[in-house]
Amino acid sequence: MFTQKALSQSCWFALVFAGCLSACAVGPDFKQPDPPKITSYTETSLSKNLTTAPGVPGGTEQAFEEDVDIQAGWWELYKSPELNLLIKKALEQNPNLGAADAALRAAQENVNAQIGGQYFPTIGLGGNASRQQVPNAAYGLPGSGTSIYNLYNTSVNVNYRLDTFGAARRTVEGARAQAEYQQFQLEGAYLSLTTNIVTAAIQEAALRTQVQATGEILKAQTNLAEVTEKQLAIGTVSKVDVSSQLSLVSSSQVDLYNYQRNLDFVRNQLAVYTGELPSNAKIANFDLNTLHLPEKLPLSIPSNLVRQRPDIRAAEALLKSTNALVGVATANLLPQINLTGSIGSEALTTGALFGPSAALWSVAGGIFQPLFQGGQLLAQRRGAIANYEQAVYQYQVTVLAAFQDVANALRALETGAQVLRSASDAERYAYETLNLVQQQYKLGTASYLSVLYYQNQYQQAKVKSITAQAARFADTAALFAALGGGWWNRVGPAFQPKDVAHKDQNETSGNN
């Protein structure tokens, strides 16, 4: 009899559950925003082929390829084994990436929890035993006697809230959207990490080149200072000439120290990106001469950008989540139907506990319609609508910023190629001029002021040329990042630790 009743209850709840799933869900259904209807990222058209600067790092030819997909490991196009190894290590050890991965797993488990809590009835098994003393008067019997007895009880209790207006479905929908948000937060962290490593490696190479170039310039300036001091001794130059040259030597020493300091800072940053302490990390030395500038630059069509950028997808997921909360707040204004059921047994002895005369059961249903709660529910719904409107504006801001990033990257590539061409020419001409003037000065046919002027000119031209070389590599990385980085083509998870640090600490038997 107990089993038959339990089976009957289970079937009844299954029918109710299936019926409520077919009911409507109040609140607006989410509609994915349409992409901007544009065909170009920039106000004016771009040149398909960029300006070249033959003979210098970063001066090779680059060309845009429209509607071409981005490979997941786009940094491999730089053809640097050291860079590839550094990124591989970072994807295994970077704590920010690990934290984003853990946040995603937590959000996914919250979805499972919401599905279990919102879609299914709660079923509990209870049992108790008590010894009681009851006066006869409690039963309407005369006298002052009492009854002492043991009472045993077992029961199975079932509770279920009908999802008549879709509050449960909207709640689960919102949880799923939050999980999507965390998914794209993880992809954003992945894109940011890989891009930052590439950019920092390029900066490391540029600073290393600047240290080397400044050291060479300093050596030449020091040699000239020695020549000037000898000329002072024979009276062909003045003391002002010597002090001016020594001042230039000291200024170059300051530049050298600053470049070396910044180089150390960048190497420390690369160590942290890989999840290592600066003292323990073994960061490779990078060189602009060994980095390969990608010749083909993929350019996604504008309508695809909103599906590729992790930040846009995260903003869209947030939009979906706040939209679902409007439905929850709307459903809270409508009637709520609760169903409860209980089946069990009660007896004075354990032997009789499961006998036919000990069985008891109950089935109940209740409905609650909010009438007045001081305007709380209406205010909550208005607040949910305002939160949705805020998410709409935030989505628009994210889309605008994304298209600005791409437009900036494209213009930076175009002008950067032109800058490098001019900077490399300026460096070459300044070097040739300085050599001629120094030779004339040693022969006594040029003034010291001319030497000093062209030394400064060459030093500035050299630094500008190195900066322009690094910018070509960095601007290329910025374009890949602005277009989304190709994460959708990646095989495997974003965070790839060697040893899984997370384990289930609180596993329980059964489905709770």
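The values are calculated or read from the model by the stated rules, or taken from the named source; none is laboratory data. For clarity, every value in this text was computed on a predicted model and none was experimentally measured. Because the Cβ atoms are built from the backbone with ideal geometry, glycine has one as well, and the counts that use them run over all protein chains shown. To get the accessible areas, we keep the full protein, side chains included, count just its heavy atoms, and leave off ligands, DNA and RNA. Shrake-Rupley method; radii C 1.70, N 1.55, O 1.52, S 1.80 Å.
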Listed residues Gln440, Ala364, Gly351: farthest to the positive end of the dipole of region 328-450 (Cβ charges): Gln440
Looking at region 64-109, I'd like the Rg to Rh ratio, where Rg is from alpha-carbon atoms and Rh is Kirkwood's inverse mean 1/r. 1.15
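Order Tyr429, Tyr190, Tyr454 by their accessible area, 1.4 angstrom probe, all chains in place, largest first.
On the way: Tyr429 125, Tyr190 10, Tyr454 75 Å².
The ordering from most to least exposed comes out as Tyr429, Tyr454, Tyr190.
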Which order do Arg309, Arg169, Arg105 take by accessible area at a 1.4 Å probe, largest first? Arg105, Arg169, Arg309
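Compute the relative contact order of the chain as a whole-number percentage, counting only Cα pairs closer than 8 Å that sit 6 or more residues apart in sequence.
The normalised contact order for the chain reaches 28 percent.
Going down the list Lys230/Lys462; Lys37/Lys320; Lys219/Lys442; Lys89/Lys498; Lys31/Lys320, which pairs span over 19 Å between their C-alpha atoms?
On the way: Lys230/Lys462 28 Å; Lys37/Lys320 22 Å; Lys219/Lys442 17 Å; Lys89/Lys498 10 Å; Lys31/Lys320 8 Å.
Violating the 19 Å limit, Cα to Cα: Lys230/Lys462; Lys37/Lys320.
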State to the nearest 20 debye the size of the charge dipole of region 153-282 about its Cα centre, where the only charges are +1 on K and R beta carbons and -1 on D and E beta carbons. 320
Can you tell me which aspartates and glutamates have their Cα less than 17 Å from the Cα of Lys296? Leave out same-chain residues fewer than eight positions away. Glu61, Glu65, Glu66, Asp67, Asp69, Glu76, Glu414, Asp475
Alpha-carbon centroid distance for the pair region 69-148 / region 331-396, whole angstrom: 21
With every protein chain present, what accessible area does Ile385 have (1.4 Å probe, heavy atoms only), rounded to the nearest 10 Å²? 60
Which of Phe64, Ala103, Trp74 sits farthest toward the positive end of the charge dipole of region 56-205, with +1 on the Cβ of Lys and Arg and -1 on the Cβ of Asp and Glu? Ala103
Carbon-plus-sulfur fraction of the accessible area of the chain, 1.4 Å probe, in percent? 55
Heavy-atom accessible area order for Ile337, Ile217, largest first, 1.4 Å probe: Ile337, Ile217
Got a sec? Charge dipole of the chain, +1 on Cβ for Lys and Arg, -1 for Asp and Glu; which of Leu218, Phe184, Thr330 is way out at the positive end? Thr330
Note down the nm distance, to one decimal, between modelled labels 7 Å out along Cα→Cβ at Leu232 and at Ser357. 12.4
At 1.4 Å probe radius, can you tell me the per residue accessible area of the chain in Å²? 54
With only Lys, Arg, Asp and Glu charged, each at its Cβ (+1 for the first two, -1 for the last two), find how big the charge dipole of the chain is about the Cα centre; round to the nearest 20 debye. 780
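Looking only at Cα atoms, what is the convex hull volume of the chain per residue, in Å³?
262
Obtain the radius of gyration and the Kirkwood radius of region 354-512 from its C-alpha atoms and give Rg over Rh. Spell out each step's value before the answer.
Details: Rg = 35.6 Å, Rh = 24.8 Å.
We get a ratio of 1.44 for region 354-512.
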Any idea what the dipole of region 229-293 comes to, in debye rounded to 20, about its Cα centre with Lys/Arg Cβ at +1 and Asp/Glu Cβ at -1? 80
